[in-house]
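The values are calculated or read from the model by the stated rules, or taken from the named source; none is laboratory data. Bear in mind that the values here come from a model prediction, so they are computed numbers and not experimental data. With ideal geometry, Cβ positions are generated from the backbone for all residues, glycine too; neighbour counts draw on all protein chains shown. With ligands, DNA and RNA removed, areas are computed over all heavy atoms of the protein, side chains included. Shrake-Rupley method; radii C 1.70, N 1.55, O 1.52, S 1.80 Å.
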Amino acid sequence: MKHIKYKFSNSSTDFYFAYGISHLKEVTDPKATVLITDENIFRAHNKRFKGWNTIVLKPGEEFKVQATVDSVIEQLIGLEADRKTTLVGIGGGVITDITGYVASVYMRGLRFGFIPTSLLALVDASIGGKNGIDVGVYKNMVGIIRQPSFILHDMIFLNTLPQREWENGFAEIIKHACIKDAAMFRELESMSLKKYQKNKTAICQLVQRNATIKAKVVQQDEFEKNERRLLNFGHTLGHALENQYDLMHGQAVSIGMTYACHISEQLAGFKQVGKVVKVLEQYQLPTYTSFDKQKAFEVLKMDKKRERKEMNYVLLEKIGKGVVKSIPLIELEKIISSL
Ligand SMILES: NC(=O)c1ccc[n+]([C@@H]2O[C@H](COP(=O)([O-])OP(=O)(O)OC[C@H]3O[C@@H](n4cnc5c(N)ncnc54)[C@H](O)[C@@H]3O)[C@@H](O)[C@H]2O)c1
Ligand SMILES: [Zn+2]
């Protein structure tokens with residue numbers, strides 16, 4: 001158990017690493033709290049929700065949309081939630097994104113916190129305060145940056161996480177290693193999904209290490225002017241493919257990282273493409289895939305990292321060192337069509 005407070009520009013988040021859901025009542029008053037989760041998690045862990053007001057949503061990315069937000073708001077009105085209510089999202093990235101977004105707009109803003117239950121949410125989605133929803137094929141098109149008051153880890157939830165969701169989470173872990181942490185990359189090379197799943201201490205340490213990497217990057221640049229952009233490694237092309245081809249987020253990011261490595265080879269002198277691809281495959285993630293280049297580019301150019309006629313693309317100089325390069329759209333179109 002470890003408690004760390006990270007301060008951001010005008011708020012802070014208490015991290016409770018490896019605490020357990022039983023600690024939630026110390027952090028928020030059950031009488032003034034509404035939990036938000038999805039059907040899969042509620043079904044697998046229903047005893048753990050006893051005694052708490054809970055809104056249960058349908059699982060899946062297709063429900064990370066405005067219609068779900070409206071339905072949560074109607075249920076909050078039904079529960080007479082007011083400005084003193086705390087919302088707690090217990091789930092994967094879809095649930096944490098929706099909860100953070102609803103909490104930011106309901107009555108102009110409530111306190112909120114998360115208990116991330118997927119690997120991806122533990123190491124990434126729950127951290128950093130970006131909360132939003134999709135609009136059609138455009139991922140996270142609408143949203144807000146607002147930090148949760150607390151993030152509590154209960155590793156027991158991982159016991160019921162489906163195998164493909166483990167793989168999904170490793171994409172973001174490999175991403176962190178590529179942009180920031182060469183030593184962690186070496187650890188990943190020497191380990192495997194199975195070894196981490198069997199070794200509770202190793203997975204606990206890996207989760208904390210990754211949560212810390214993300215929290216520190218966000219701390220340096222909460223509103224994504226510089227450093228935080230690095231976290232988009234693999235995401236520009238990844239997002240363009242994710243909803244178009246109905247991929248899991250981690251799969252899309254893995255394909256995006258593969259091609260970003262090749263673009264890095266062309267534009268940043270990167271020489272370790274093979275190593276990155278090998279680790280992605282070691283964790284059962286997809287790498288080279290055929291896709292409609294023109295269609296992908298059409299979606300990609302609407303990405304939030306675009307600034308007029310240039311795209312801020314995250315590349316690698318070497319493993320452990322990500323850089324942001326501004327690529328003119330005309331050049332990027334050529335590069336993408338030649339991939
Ligand atoms: N806000 C951010 O900074 C940020 C960062 C990364 C990703 N995201 C978002 O996160 C989402 C992806 O997150 P995700 O992969 O966690 O998706 P998810 O919330 O859809 O969860 C994946 C699946 O696993 C199930 N699940 C989760 N935890 C479980 C558990 N402990 N036991 C059994 N089943 C469980 C869910 O019901 C769901 O079916 C995407 O929408 C992505 O855009 C946001
Ligand atoms: Zn991601």
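Please determine, in degrees from 0 to 90 and to the nearest 10, the orientation of helix 163-180 with respect to the longest principal axis defined by the Cα atoms of the chain, where the helix direction is its Cα long axis. With rounding to tens, the tilt is 60 degrees. 3J(HN,Hα) couplings calculated from phi for segment 138-147 with the Karplus curve 6.51 cos²θ - 1.76 cosθ + 1.60 (θ = phi - 60°) are, in sequence order, 7, 6, 6, 6, 10, x, 8, 9, 8, 7 Hz; Gly and Pro show x. This model, with +1 at the C-beta of Lys and Arg and -1 at the C-beta of Asp and Glu, gives the chain a dipole about its Cα centre of some 880 debye. Taking every alpha-carbon pair under 8 Å whose residues sit at least 6 apart, segment 214-339 reaches a relative contact order of 24 percent.
Accessible area per residue for the chain, computed on protein heavy atoms with a 1.4 Å probe, is 44 Å². Computed over segment 54-173, relative contact order equals 24 percent, with contacts defined as Cα pairs under 8 Å that lie 6+ residues apart.
Of the peptides 234-240, 207-213, 221-227, the order by per-residue mean of other Cβ atoms within 10 Å, starting with the highest, comes out as 234-240, 207-213, 221-227. Taking square-rooted eigenvalues a ≥ b ≥ c of the alpha carbon gyration tensor, is segment 202-252 rounded, prolate or oblate, where a/c under 1.5 means rounded and, failing that, a/b exceeding b/c means prolate? In terms of gyration-tensor shape, oblate. Karplus-derived 3J(HN,Hα) values for segment 66-73, using 6.51 cos²θ - 1.76 cosθ + 1.60 with θ = phi - 60°, are 4, 4, 5, 4, 4, 5, 5, 4 Hz; glycine and proline are entered as x. Taking segment 282-318 and a reference point 7 angstrom along Cα→Cβ of K194, the backbone N atoms nearer than 19 Å belong to 282-286. Would you mind checking the tilt of helix 329-338 against the longest principal axis of the Cα atoms of the chain, expressed as 0 to 90 degrees and rounded to 10? That helix lies at roughly 80 degrees to the long axis.
Using only the Cα atoms of segment 147-187, each taken as one equal point scatterer with no solvent, compute I(q) by the Debye sum, divide by I(0), and report log10 of the ratio at q = 0.21, 0.27 Å⁻¹. Each listed q corresponds, in turn, to -0.87, -0.90.
Centroid-to-centroid, using Cα positions, segment 274-310 and segment 137-208 are 20 Å apart.
Farthest towards the positive end of the charge dipole of segment 189-330, among the residues H262, Y283, I330, is the Cα of Y283, using unit charges on the Cβ of Lys, Arg, Asp and Glu. Classify the chain: rounded, prolate or oblate, from the alpha-carbon gyration tensor (a ≥ b ≥ c, eigenvalue square roots; a/c under 1.5 rounded; otherwise prolate if a/b is larger than b/c)? Taking the square roots of the gyration eigenvalues as a ≥ b ≥ c, the chain is prolate. Computed from the C-beta positions of I156 and Q220, the FRET efficiency with R₀ = 22 Å rounds to 0.10.
Shape verdict for segment 1-132, please, from the Cα gyration tensor: rounded (a/c under 1.5), prolate (a/b greater than b/c) or oblate. Walk me through the numbers on the way to the answer.
Values: a/c = 1.23, a/b = 1.17, b/c = 1.05.
Taking the square roots of the gyration eigenvalues as a ≥ b ≥ c, segment 1-132 is rounded.
Per-residue ellipticity at 222 nm, computed for the chain from helices alone with -39500 (n - 2.57) per DSSP H run of at least four residues, works out to -13000 deg cm²/dmol. Any idea how far apart Q282 and S12 come out in nm if each label point goes 7 Å out from Cα toward Cβ? Simple spin-label model gives 3.8 nm for this pair.
Note on the chain: with neighbouring protein chains present and a 1.4 Å probe, carbon and sulfur make up 51 percent of its accessible heavy-atom surface. Taking label points 7 Å from Cα along the Cα-to-Cβ direction, E265 and K47 give a separation of 5.2 nm. Counted residue by residue at 0.36 nm each, then reduced by the alpha carbon distance between them, the extension gain from K301 to T289 reaches 2.3 nm.
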